[in-house]
Amino acid sequence: MPIFDFLSGQFIDVIHWTDDTRDTMVWRFEREGHEIKYGAKLTVREGQAAVFVHEGQLADVFPPGLYMLETNNMPIMTSLQHWDHGFKSPFKSEIYYVSTARFTDLKWGTKNPVMLRDPEFGPVRLRAYGTYAIKVTDPGLFLTEIVGTDGEFTRDEISYQIRNIIVQEVSRTLASSGIPVLDMAANTADLGKLVAAEVSKTLATYGLVMPEMYIENISLPPAVEKALDARTSRGIAGNLDDHMKWRAAEALAESGGAAGSAMGMGMGAGLGMQMAGRVGPWGAAPAAAAAPTQAMAPPPPPVEHVWHIAENGATKGPFSRARLGRMASEGGLTRDTFVWTQGQDGWKRAEDVTELAQLFTVMPPPPPPGV
């Protein structure tokens, strides 16, 4: 090294750190040979702390301010090393700057669903995610426990460990909260404070604290969300009786499209014959039609019953009678199948319902026992 560079290094006595990366937590001040000059000026800005390490041992922690590195204002260093004057001072130390500012917008999320017992839905699985912030409260402890001798330590190097701690506490808090799933969205702020307080107990051993933690979303599995949507739709439908009639009409439209078309053609033909009787061969109405008469409107077609069937503890349907006839021929409906329709008093076996018993007349009944 040229003599001019060597002398310049000896006369540079201002030690400071400015950071614009927004993710650096610890930065080591580099000097040739780690030599710190007697009387050097140490500048520590707000949001920083300087940790003085001498021969591998933590000596002092400097809060924000301007310091003159001399023996009389470093009592701990006095017992470790005598500061000599001159260019060949044996004093070799390291200075680590630790950011004490708040690091925000860090992400967390549950890798696997959290199992808990909901008072309304029973056992359910939940997923959650959000953001959190961390802050160094004890620079010396953070340096010795986490950073070590790393010359530039970023928040990403510890965020994975913190996420694991958060997920553990979130799982425990959600499972023991006793809050119904439908009410958790209204309590995310309180849940976040509880989790942050518990996580901070563990982070205190690292010299860190979690000043804030947010739960952005708590979600259910897709199957449960689909069931909730169906339940919401039933609530919007209003009167259950009217809703069942509407569903029955839809089922008829889907299963009896051809029959409905034929019925429409028949009604059109009847209407055409009625009009032909009212109009003469030259387009004039006959004399009999001149008398004021009141046409009788045909009665509305009867509403066909739709049926529900019980199978393996679940309810299926509704099915039209035509559909049940096909199911009986395919073996999907037997005499012992329990069925129900609107107005019926409880579940009955299919052969005990007069309207459905006719579906089994083409098949012989089961033989009597012992034959």
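The values are calculated or read from the model by the stated rules, or taken from the named source; none is laboratory data. All of these numbers come straight from a predicted model, not from anything done at the bench. Don't worry about glycine lacking a Cβ; one is built from the backbone with ideal geometry, like all the others, and counts go over all protein chains shown.
Contact map, region 9-23: residues that are closer than 25 Å to THR154 by Cβ and β-branched (Val, Ile, Thr) paired with residues that are at pLDDT 85 or above and part of a loop (DSSP other than H, G, I, E, B), Cβ distance under 8 Å, separation 6+ or inter-chain. Pairs shown: THR18/ARG45.
Give the number of residues within region 187-233 that are assigned to a helix (DSSP H, G or I), among the hydroxyl-bearing types (Ser, Thr, Tyr) and in contact (Cβ under 8 Å) with a residue 24 or more places away in the chain. Of the residues in that region, 4 qualify. Considered as a group, the residues in region 125-164 that are assigned to a strand (DSSP E or B) and hydroxyl-bearing (Ser, Thr, Tyr) include one that is nearest to the chain's Cα centre (by Cα), and that residue is TYR129.
Quick check: anything in region 185-196 modelled with pLDDT under 85 and within 28 Å of the chain's Cα centre (by Cα)? Checked region 185-196: at least one residue is modelled with pLDDT under 85 and within 28 Å of the chain's Cα centre (by Cα).
Pairs are defined by a Cβ separation below 7 Å, a sequence spacing of at least 6 or placement on different chains, a first member in region 318-338 that is within 13 Å of ALA350 (Cβ to Cβ), and a second member that is at pLDDT 80 or above and assigned to a loop (DSSP other than H, G, I, E, B); the pairs so defined are LEU324/LEU333; MET327/LEU333; PHE338/TRP347. Considered as a group, the residues in region 1-52 that are buried (at least 16 other Cβ atoms within 10 Å of the Cβ) and small (Gly, Ala, Ser) include one that is modelled with the lowest pLDDT, and that residue is ALA40.
Among the residues making up region 42-57, a single one is under 13 Å from TYR97 (Cβ atoms) and of a type in the set (Asp, Glu): GLU46. Just wondering, is there one or more residues in region 60-80 that are closer than 30 Å to ILE218 by Cα, within 43 Å of the chain's Cα centre (by Cα), at pLDDT 60 or above and loosely packed, with under 15 Cβ neighbours inside 10 Å? There is no residue in region 60-80 that is closer than 30 Å to ILE218 by Cα, within 43 Å of the chain's Cα centre (by Cα), at pLDDT 60 or above and loosely packed, with under 15 Cβ neighbours inside 10 Å. Return the pairs, sorted by first residue and then second, in which the second residue is of a type in the set (Asp, Glu) and not in a helix (DSSP H, G or I), the first residue lies in region 134-163 and is surrounded by 15 or more Cβ atoms within 10 Å (Cβ to Cβ), the beta carbons are less than 6 Å apart, and the residues are 6+ apart or on different chains. Short answer, once both residue conditions are applied: THR154/ASP23; ARG155/ASP23.
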